[in-house]
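Participant: Sharing a structure here in structure tokens format.
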């Protein structure tokens, strides 16, 4: 289920906000591999930037890190320069998501 990743390194978090809509929807459950503590290739990461938590797509472009919201209504971030990378603290890589549907029964 986790592509050979150790289950003890997987955490489930609930999505709030719509910045990744189109890929991840509000209320979805995210499966996050917390053994990933730094950028290890383009993908969706859970990270802190200036002490604020985010789930965004990260992409490396030369010496810069691009932070991308998949929902196009959001303004793109300015690229994070190499000398600013210490402001980014990766605490996991998103490996999957699952919709969470609430059904009322009575």
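Conditions (1) within 10 Å of the chain's Cα centre (by Cα); (2) at pLDDT below 95; (3) farther than 22 Å from residue 99 by Cβ; (4) surrounded by 12 or more Cβ atoms within 10 Å (Cβ to Cβ), marked per residue:
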position: 2; (1), (2), (3), (4): no, yes, no, yes
position: 6; (1), (2), (3), (4): no, yes, yes, no
position: 11; (1), (2), (3), (4): no, no, no, yes
position: 19; (1), (2), (3), (4): no, no, no, yes
position: 41; (1), (2), (3), (4): no, no, yes, no
position: 51; (1), (2), (3), (4): no, yes, yes, no
position: 54; (1), (2), (3), (4): yes, no, no, yes
position: 59; (1), (2), (3), (4): no, no, yes, yes
position: 63; (1), (2), (3), (4): no, yes, yes, no
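Participant: Continuing with the same structure: So is residue 104 more than 24 Å from residue 10 (Cβ to Cβ), exposed (fewer than 11 other Cβ atoms within 10 Å of the Cβ) and over 12 Å from the mean Cα position of the chain (by Cα) or not?
Facilitator: Numbers: more than 24 Å from residue 10 (Cβ to Cβ): yes; exposed (fewer than 11 other Cβ atoms within 10 Å of the Cβ): yes; over 12 Å from the mean Cα position of the chain (by Cα): yes.
When the stated conditions are applied, residue 104 passes them.
The values are calculated or read from the model by the stated rules, or taken from the named source; none is laboratory data. The structure displayed is predicted, hence computed values, not measured ones. All Cβ positions, even for glycine, are placed from backbone atoms using ideal geometry, and neighbour counts span all protein chains on display.
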